[in-house]
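Heads up, the thing below is written out as structure tokens.
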Amino acid sequence: METVLLTGGAGYIGSHTAVALLEAGYETVIADDLTNSEAGVIDRIKTITGRSPRFYNINVLDAAALDRVFEENEISAVLHFAGFKSVANSVKDPVGYYKNNVGTTITLLETMKKHGCGRFVFSSSATVYGCNNPIPYTEAMPTGSCASPYGWTKLVSERILFDAAVADSAFSAVILRYFNPIGAHESGLIGEKPNGVPDNLMPYITQLAAGKRDILRVFGSDYPTRDGTGVRDYIHVCDLAAGHLAALDYSRGHTGAEAFNLGTGRGVSVLELVRAFERVNGLSLPLEYAPRRPGDLAEYYADAGKAERVLGWRAEKTIDDMCRDSWRWQKNSENL
Ligand code: WQD
């Protein structure tokens with residue numbers, strides 16, 4: 001069976017994809033410097049699947065270290081998750097974000113070329129659609145006018161992949177534009193573990209429910225949406241992982257560069273998500289309305305039809321599943 005390299009494979013999306021790959025019979029190699037994760041995740045991937053990924057504690061910018069990974073393993077394809085993902089931090093340190101997020105893409109492409117590996121699956125983001133497109137977003141829409149340096153690092157990496165595919169007719173790049181990943185594996189052993197105060201809604205909700213936060217500030221109640229609060233396309237991280245396996249299958253007979261939205265195609269508001277979380281978990285969460293957060297859009301969600309037509313993939317899990325699994329992880333993670 002094929003061996004797949006997951007850069008950032010100890011992270012939130014990467015670890016869930018590693019579980020799915022191992023359960024599907026792939027050999028997996030994880031390269032992660034653990035700046036936004038921990039070695040215990042590797043052990044828990046083994047606990048869940050009964051199989052161990054090979055783990056290299058390296059920074060993907062380190063070309064010599066990455067070269068060794070390819071020397072020591074017959075890598076058939078690369079899933080590139082490694083990257084900084086904080087919108088707020090990217091505004092404070094844009095150069096660091098470009099160096100890391102774009103630099104790792106370049107180092108990977110050079111090393112892959114040297115070792116004859118031509119299949120690249122890229123972790124991109126819906127933020128590449130910027131703020132001028134109508135919803136739902138389709139892959140044919142123009143990209144650009146990104147709201148943050150983080151979004152631009154994803155778009156620049158996409159551009160590099162499109163150009164690399166033109167230069168090398170044997171190269172395959174499958175670009176996956178994530179919407180809002182939330183939830184956790186049903187085991188409660190892996191999940192999102194943000195450093196410090198969470199920027200993102202669901203980890204903030206679960207920390208609030210666990211008594212680690214006092215109140216949820218709802219950023220904006222005057223948006224032109226059905227209840228005035230922001231609307232997003234929340235997708236279960238396990239559905240996202242399954243999307244990567246579908247992308248891997250597609251890349252086997254594919255050359256060129258192709259982008260796919262990985263979303264549910266449904267928009268859910270902040271209030272709707274909070275109410276679902278309360279209902280599913282039998283909790284009541286204190287909240288207050290606060291001013292809009294700078295850079296936020298009122299509403300966006302995916303047209304997920306292309307991934308269904310071409311990859312044969314669509315999201316299966318519900319908002320209730322996402323709320324139940326997120327809460328289980330929050331409670332479990334305190335003992336890990
Ligand atoms: C969702 C909604 C907030 C926190 C970000 C990144 C994006 C992607 C996913 C990486 C918005 C509201 C939030 C809070 C709130 N990450 N909110 N109170 O901003 O849609 O996307 O994460 O690829 O690139 O930009 O996600 O979870 O931060 O916000 O009211 O305490 O929840 O205003 O409407 P976002 P989010």
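The values are calculated or read from the model by the stated rules, or taken from the named source; none is laboratory data. What you see is a predicted model; the values in this text were computed from it and never measured. A quick note on method: Cβ atoms are made from the backbone with ideal geometry, for glycine too, and the neighbour counts reach across all protein chains shown. In case anyone asks, the SASA skips ligands and DNA or RNA and just uses the protein heavy atoms, side chains included. Shrake-Rupley method; radii C 1.70, N 1.55, O 1.52, S 1.80 Å.
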* Structure fact -> Log entry, pairs with first residue in region 213-235 being over 12 Å from E272 (Cβ atoms) and without any contact (Cβ under 8 Å) to a residue 24 or more places away in the chain, second being open to solvent by 10 Å² or more (accessible area, probe 1.4 Å) and within 7 Å of the ligand (Cβ to nearest atom), beta carbons closer than 8 Å, six or more apart or on different chains, reads R213/Y204
* Asked: Would it be correct to say that D239 is closer than 30 Å to A167 by Cα, at pLDDT 95 or above and among the charged types (D, E, K, R)?
  -> no
* Please specify each residue of region 298-324 satisfying the condition of being in a helix (DSSP H, G or I), more than 16 Å from the ligand (Cβ to nearest atom) and either open to solvent by less than 30 Å² (accessible area, probe 1.4 Å) or not β-branched (V, I, T) (or both). => G305, K306, A307, E308, R309, L311, D320, D321, R324
* Asked: Which pairs do you get when a residue that is without any contact (Cβ under 8 Å) to a residue 24 or more places away in the chain, found in region 169-189, comes within reach of a residue that is open to solvent by 20 Å² or more (accessible area, probe 1.4 Å) and polar (S, T, N, Q), reach meaning Cβ atoms under 6 angstrom, with the pair 6+ apart or on two chains?
  -> none
* Asked: Does region 61-82 contain any residue that is more than 26 Å from V29 (Cβ to Cβ), modelled with pLDDT of 95 or more, open to solvent by less than 30 Å² (accessible area, probe 1.4 Å) and not in a loop (DSSP other than H, G, I, E, B)?
  -> no
* Could you tell me whether region 116-125 includes any residue that is farther than 24 Å from I30 by Cβ and polar (S, T, N, Q)? => no
* **Matching residues, region 99-119, being buried (at least 19 other Cβ atoms within 10 Å of the Cβ) and outside any helix (DSSP H, G or I)** => C117, G118, R119
* To do: Could you check, for region 252-270, whether at least one of its residues is basic (K, R), more than 19 Å from A210 (Cβ to Cβ) and away from the ligand (no atom under 16 Å from the Cβ)?
  => yes
* Of all the residues that make up region 208-231, how many are open to solvent by 20 Å² or more (accessible area, probe 1.4 Å), more than 7 Å from the ligand (Cβ to nearest atom) and either farther than 17 Å from V268 by Cβ or not acidic (D, E) (or both)? -> 12
* Check on N59, under 21 Å from the mean Cα position of the chain (by Cα) and over 16 Å from I13 (Cβ atoms) -> yes
* Condition test on G188, is it under 27 Å from S15 (Cα atoms), touching a Cys at 6+ places or on another chain (Cβ under 7 Å) and among the small types (G, A, S)? -> no
* Asked: Does region 137-160 contain at least one residue that is within 15 Å of the ligand (Cβ to nearest atom) and under 27 Å from E23 (Cα atoms)?
  -> no
* Filter region 289-331 down to the residues that are aromatic (F, W, Y) and touching a helix residue (DSSP H, G or I) at 6+ places or on another chain (Cβ under 8 Å), then identify the one that is farthest from E186 (Cα to Cα). => Y300
* **L21 under 22 Å from I182 (Cβ atoms) and assigned to a strand (DSSP E or B)** => no
* Is it true that R177 is over 19 Å from A88 (Cα atoms) and within 16 Å of the ligand (Cβ to nearest atom)? -> yes
* Is there a residue being within 13 Å of the ligand (Cβ to nearest atom) and either surrounded by 22 or more Cβ atoms within 10 Å (Cβ to Cβ) or in contact (Cβ under 8 Å) with a residue 12 or more places away in the chain (or both) anywhere in region 243-250? -> no
* To do: Could you list, in sequence order, all residues of region 292-335 that are hydrophobic (A, V, I, L, M, F, W, C) and within 28 Å of G130 (Cβ to Cβ)?
  => L297, A298, A302, A304, A307, V310, L311, W313, A315, I319, M322
